[in-house]
Amino acid sequence: MPHIALITLVVRDYDEAIDFYTRSLGFELAEDTDRGDGSRWVVVRPPGTTGDAVSLLLARAKDEAQLASVGAQTGGRVGFFLHTEDFAGDHARMLAAGVHFLEEPRHEPYGSVAVFEDLYGNRWDLLQPA
């Protein structure tokens, strides 16, 4: 059965993006391969993610048009949903790591949620489903 394996996230710089996703969000660096042309194949994913689950491909912007899309790839909407089994613990850890939350945690019928931004301004939900 076909499935989505990677989602590309256009970034300004590989190393700053790797640092944010691994240090601030606690993701694992799954792959960082030099492609020989100045570009790299960089994949990050939440810890414990299996090889066939969705991961992020961090792709450095190659031109002005791509650079202009950094941080606005979903038009200002929440575009990424980070599920957790420990909302309070992950929220506190992320705050301590400097992650910018746009709101206080909410407890909705579908679960506990708080919107945060990555280092470029892309919006994410930290979500513990009910």
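The values are calculated or read from the model by the stated rules, or taken from the named source; none is laboratory data. These numbers come from a predicted model, not from an experiment. Positions of Cβ are backbone-derived with ideal geometry, glycine not excepted, and every protein chain shown enters the neighbour counts.
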Quiz item: So which of 58, 82, 29 is of a type outside the set (Asp, Glu), modelled with pLDDT of 95 or more, under 19 Å from residue 129 (Cβ atoms) and surrounded by 10 or more Cβ atoms within 10 Å (Cβ to Cβ)?
Solution: 82
Practice problem: Please state which one of 30, 17, 97 is small (Gly, Ala, Ser) and free of Cβ contacts under 8 Å to residues at least 60 places away in the same chain. | Solution: 30
Quiz item: So residue 50 fits all but one of (1) exposed (fewer than 12 other Cβ atoms within 10 Å of the Cβ); (2) over 26 Å from residue 3 (Cβ atoms); what number is the exception?
Solution: (2)
Self-check item: Which numbered condition residue 93 fails, given (1) within 30 Å of residue 1 (Cα to Cα); (2) among the charged types (D, E, K, R); (3) not in a loop (DSSP other than H, G, I, E, B)
Solution: (1)
Practice problem: With respect to residue 70, determine if the residue is in contact (Cβ under 8 Å) with a residue 60 or more places away in the chain, β-branched (Val, Ile, Thr) and over 15 Å from residue 126 (Cα atoms). | Solution: yes
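Are any of the residues in segment 103-110 of a type in the set (Lys, Arg) and closer than 24 Å to residue 4 by Cβ?
Filtering segment 103-110 for residues of a type in the set (Lys, Arg) gives 106.
Filter once more, so that each one left must be closer than 24 Å to residue 4 by Cβ: none.
The answer is no; no qualifying residue exists.
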Quiz item: Across segment 97-130, what is the total count of residues that are over 17 Å from the mean Cα position of the chain (by Cα) and either under 17 Å from residue 23 (Cβ atoms) or surrounded by fewer than 17 Cβ atoms within 10 Å (Cβ to Cβ) (or both)?
Solution: 11
